[in-house]
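Structure first, commentary second.
The values are calculated or read from the model by the stated rules, or taken from the named source; none is laboratory data. Note that this is a predicted model, so its numbers are computed, not measured. Don't worry about glycine lacking a Cβ; one is built from the backbone with ideal geometry, like all the others, and counts go over all protein chains shown. For accessibility, only protein heavy atoms count, side chains too; no ligands or nucleic acids. Shrake-Rupley method; radii C 1.70, N 1.55, O 1.52, S 1.80 Å.
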Amino acid sequence: MTPQDVRAPLESGMLLAANRTGPLLGVLVVFVCFLLGQLPPSVIGLAIAGGGATRMTFVLQAVFTVGFACTLGLLALWVRYREGRRFATVGFPGGLRPGAAGSQVARGAAVAAAMIALLVLVNVASGAATLSAPAWGSLVPVLILLAGFAVQGSTEEVLTRGFLVQAVAWRWGVWAAIVVQAMVFAFLHGANGDVSLFAVANLLIVAVMLGFWALAERGLWGVCAFHAVWNWGLANVAGGTVSNIEVTTSLTRFSPAEGANDLLTGGGFGLEGSAVATALLGIGAVVALVAWRRRASSGTADGRPAA
């Protein structure tokens, strides 16, 4: 493997760095980039919202999108100037066959859309919730917000399934990398409020699923698409609560029925905190693990990337 080979397996990306970031420093870099990137927009957002409101207007969503873009920019600076490698090596490899990245994006979006449809269908069919008729007048702003979630979702994937997996895997192996990135991902989302046991479990499960998915595809295209469509679909299309955050701009409105079981609706955390999501994401995690094991079967026995 040459120093400029961007076609290497995802978990081997850190081996391309002139100055490699280790596991503990990697965790610190993720938190610093996240906090510094989010701090200015958070102050502005709270000023606009007039306090700690969890309802996100179109403007607030745009403001926080800028924060995620800043976070991504800070990490890019670290990768390029501290580690001395190209940003593409965190999970956007060159040398793919024509259309491969597009296929991965389409698959990620389709899987997210299918899971959301099942989550909503189970709730509506069981009487645990209702779904309003589409408000077509909101279609244009809803489509615009997909771009915002593409930035937000991709930033989180680059931080955790890209950079952090690489920072841990080259020293401790892939299995440790999956565990560490899942814990960091759950921690970053666990402060949103109304966090239940199922919510925490689902945060860990989806992180494991996306981790093995990224490893299986040797890149982040598919998981970035899944993450973007998952958040956008739940929030701005279905109009449900996402990680205890409710948006005001949506195509439809998902409304839990009074007294509905939180195991179905996810309670205040939203559908992501439901037992239905646990089942769907659990199946997804198993499928992703099997896909990665097939890819890794020709690699090293302990899952540690070969130098």
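Side notes on the structure shown:
- Scanning the stretch 9-36 for residues that are open to solvent by 20 Å² or more (accessible area, probe 1.4 Å) and small (G, A, S) gives a single hit, A18.
- Of all residues making up the stretch 143-170, the number that are open to solvent by 30 Å² or more (accessible area, probe 1.4 Å) and of a type in the set (D, E, K, R): 0
- Total residues in the stretch 171-221, condition among the aliphatic types (A, V, I, L, M) and open to solvent by 50 Å² or more (accessible area, probe 1.4 Å): 7
- Of the residues making up the stretch 135-142, at least one is modelled with pLDDT of 95 or more, crowded, with 22+ Cβ neighbours inside 10 Å and either farther than 22 Å from L74 by Cα or touching a Pro at 6+ places or on another chain (Cβ under 8 Å) (or both).
- Matching residues, the stretch 237-277, being among the small types (G, A, S), surrounded by fewer than 23 Cβ atoms within 10 Å (Cβ to Cβ) and in a helix (DSSP H, G or I): G267, G268, A275
Table: residues versus (1) in a helix (DSSP H, G or I); (2) among the small types (G, A, S); (3) modelled with pLDDT of 95 or more; (4) farther than 23 Å from A109 by Cβ.
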site	(1), (2), (3), (4)
V168	yes, no, yes, yes
R171	yes, no, yes, yes
A191	yes, yes, no, yes
N202	yes, no, yes, no
A207	yes, yes, yes, no
G211	yes, yes, yes, no
V229	yes, no, yes, no
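- Sole residue being closer than 30 Å to S255 by Cα and surrounded by 17 or more Cβ atoms within 10 Å (Cβ to Cβ), chosen from L75, L119: L119
- Residue within the stretch 277-297 that is among the hydroxyl-bearing types (S, T, Y) and under 30 Å from F92 (Cβ atoms) present: yes
- Residues satisfying the stated conditions in the stretch 45-71, i.e. on the phi > 0 side of the Ramachandran plot and at pLDDT 90 or above: none
- Of all residues in the stretch 122-134 being in a loop (DSSP other than H, G, I, E, B) and out of contact with any Leu (no Cβ under 8 Å at 6 or more places or on another chain), the one that is most open to solvent (accessible area, probe 1.4 Å): A133
- Only one entry in L36, L28 is in a helix (DSSP H, G or I), closer than 26 Å to G173 by Cβ and free of Cβ contacts under 8 Å to residues at least 60 places away in the same chain, namely L28.
- Failed item in (1) under 15 Å from the mean Cα position of the chain (by Cα); (2) charged (D, E, K, R); (3) modelled with pLDDT under 95, with R161 passing the rest: (3)
- Residue tally, condition among the charged types (D, E, K, R), in a helix (DSSP H, G or I) and touching a helix residue (DSSP H, G or I) at 6+ places or on another chain (Cβ under 8 Å), over the stretch 50-109: 2
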